[in-house]
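The values are calculated or read from the model by the stated rules, or taken from the named source; none is laboratory data. Everything quoted here is computed from the prediction, not taken from an experiment. Glycine also receives a Cβ, built like all others from the backbone with ideal geometry; neighbour counts cover every protein chain displayed. Each accessible area value is taken on the protein alone, full model and side chains, heavy atoms only, with ligands, DNA and RNA left out. Shrake-Rupley method; radii C 1.70, N 1.55, O 1.52, S 1.80 Å.
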Amino acid sequence: MEEPPLREEEGEEEEEEGDEAGPEGALRKSPFQLTVEDVYDISYVVGRELMALGSDPRVTQLQFKIVRVLEMLETLVNEGNLAVEELRMERDNLRKEVERLRREGSAATREVNLGPEKMVVDLTDPNRPRFTLQELRDVLQERNKLKSQLLVVQEELQCYKSGLIPAREGPGGRREKDTLVARANNASSNREEKTIIRKLFSFRSGKQT
Amino acid sequence: MRSSLTPLGPPVSRDRIIATFPKLKEHFHGQVSAACQRRNTGTVGLNLSKVVVVGDLYVGKTSLIHRFCKNVFDRDYKATIGVDFEIERFEIAGIPYSLQIWDTAGQEKFKCIASAYYRGAQAIITAFDLTDMQTLEHTRQWLEDALRENEPGSCFVFLVGTKKDLLSGAACEQAEVEAVHLANEMQAEYWSVSAKTGENVKAFFLRVAALAFEQSVLQDLERRDSSRLQLGTGDLIRTLPETQESKRPSSLGCC
């Protein structure tokens, strides 16, 4: 069976060729490009040739079968073409969809491909999340340290007020006060000790008080 | 009342003085009373004992603590960020004693921060909202998380129902049946409180303080005893069963 050279899938104009070649042309077509009209053309050609064979009963028998086969072919071609038409519409819709998404994608260039665990941050939002967990931890630890220092100082003040520690600034009183502060929370006003104290304290208050 | 042997810090306020054991039993553990009378409580008076308060967001952990420590109630809700703490000073059986009460955030997102503060707790307070039984159910998880960071058997556990003022007597009783049931399961002591009216708040914390104090003194005695034993003067009678009992208070519904 002769086949036309392979064409691109979307050969919407193939019927013209068939028309040009007359009803015989349908027999030369690719089975995938047959239309219902082609099947009618084939029926016409086959019918005409059967007629020419005369009225032999065997021919008549054969004719019934051929008619049946042609009807089947008609149904298949019809179905096939409908399916092709549906798929074509589907394809066109999808193409439009892709086009639309591409346009949106290029319009919003800052949008990144996000996994399920990711989130988009609006950089213009003044309340956007921007500090890390560690920073929050550090701030809390600092706050806790300051708060306990405040409490110590408040108690100390109360000690002075209640006369437990004499208000004079003599060396004795001074020392007593220092011991009190150091004993109460390991803190000290001494600047040099601050880093060590800070470590000590963060250990005490954060992890194991 | 104040002894010359307790020089640290200013006098505590009158309502922070615990002379007799609050609730459930009349007296301090025999060894504890004796130690206190002899002023033989080692470093207990100098240390801060740690109390951790956990539970769902908006059950009123902060309100509860603020009612006790500052005697205030703020109607507006402000979520706790990470953790906060208050220090409350007591005088128990004549000995100064301090609790550091850690207030943790109930919001899930702060859990990883707050859980770092669970360690070394002497008491764990799991709070729930009496008007929201879901929060009661969640206390299991909160307790499990808090216990994981601590030595088994080293913490007193309290289950506290909050917002008691919002419920009628009957509704409260109904909620408490479930709560007491869960408290038994958790081996926790159950309390219901209202930070708004202040009902039971002080009594509850005095109870926490007394139990923690007693445990601290006993642990201190035990520590010193065992080091003495190692030195070879093994003439000591340990009252372990009794110690154990006081460590794990029997759960009771109250109020």
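Here's the yes/no breakdown for (1) closer than 29 Å to A:E135 by Cβ; (2) within 14 Å of chain A (Cβ to nearest Cβ); (3) of a type outside the set (A, V, I, L, M, F, W, C); (4) open to solvent by 40 Å² or more (accessible area, probe 1.4 Å):
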site: B:C69; (1), (2), (3), (4): yes, yes, no, no
site: B:K78; (1), (2), (3), (4): yes, no, yes, yes
site: B:K109; (1), (2), (3), (4): yes, yes, yes, yes
site: B:T139; (1), (2), (3), (4): no, no, yes, no
site: B:D145; (1), (2), (3), (4): yes, no, yes, no
site: B:V157; (1), (2), (3), (4): no, no, no, no
site: B:T162; (1), (2), (3), (4): no, no, yes, no
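Given (1) modelled with pLDDT of 85 or more; (2) at positive phi; (3) open to solvent by 30 Å² or more (accessible area, probe 1.4 Å), where does B:G82 come up short, assuming only one miss? Result: B:G82 passes all but (3).
From the residues in the stretch B:78-94 that are over 25 Å from B:W142 (Cβ atoms) and part of a loop (DSSP other than H, G, I, E, B), which one is farthest from the chain's Cα centre (by Cα)? Checking each candidate, the answer is B:G94. Against the list (1) touching a helix residue (DSSP H, G or I) at 6+ places or on another chain (Cβ under 7 Å); (2) within 14 Å of chain A (Cβ to nearest Cβ), the condition B:G120 fails is (1). Kindly check whether there is at least one residue in the stretch A:87-103 that is over 30 Å from B:K109 (Cα atoms), open to solvent by 100 Å² or more (accessible area, probe 1.4 Å) and of a type in the set (D, E). Scanning the stretch A:87-103, I find at least one residue that is over 30 Å from B:K109 (Cα atoms), open to solvent by 100 Å² or more (accessible area, probe 1.4 Å) and of a type in the set (D, E), so the answer is yes. Just so you know, in the stretch B:24-57 the residues that are of a type in the set (V, I, T) and modelled with pLDDT of 95 or more include one that is nearest to the chain's Cα centre (by Cα), and it is B:V51.
Can we say B:G60 is more than 13 Å from the chain's Cα centre (by Cα) and without any contact (Cβ under 8 Å) to a residue 60 or more places away in the chain? Judged against the criteria, B:G60 is not a match.
Across the stretch B:111-133, the qualifying residues are those that are in contact (Cβ under 8 Å) with a residue 24 or more places away in the chain and part of a helix (DSSP H, G or I), and the one among them that is most open to solvent (accessible area, probe 1.4 Å) is B:M133. If I filter the stretch A:123-137 for residues that are more than 30 Å from B:C112 (Cβ to Cβ), of a type in the set (K, R) and surrounded by 10 or more Cβ atoms within 10 Å (Cβ to Cβ), do I get at least one hit? Checking the stretch A:123-137: not a single residue is more than 30 Å from B:C112 (Cβ to Cβ), of a type in the set (K, R) and surrounded by 10 or more Cβ atoms within 10 Å (Cβ to Cβ).
Kindly evaluate B:Y97 against the criterion of being of a type in the set (F, W, Y) and either surrounded by fewer than 23 Cβ atoms within 10 Å (Cβ to Cβ) or part of a loop (DSSP other than H, G, I, E, B) (or both). When the stated conditions are applied, B:Y97 does not pass them. When residues in the stretch B:45-67 are screened for being open to solvent by 30 Å² or more (accessible area, probe 1.4 Å) and closer than 20 Å to B:K164 by Cβ, 6 of them pass.
Could we say that A:E142 is more than 9 Å from chain B (Cβ to nearest Cβ), at pLDDT below 85 and closer than 30 Å to B:P11 by Cα here? No: the conditions fail for A:E142.
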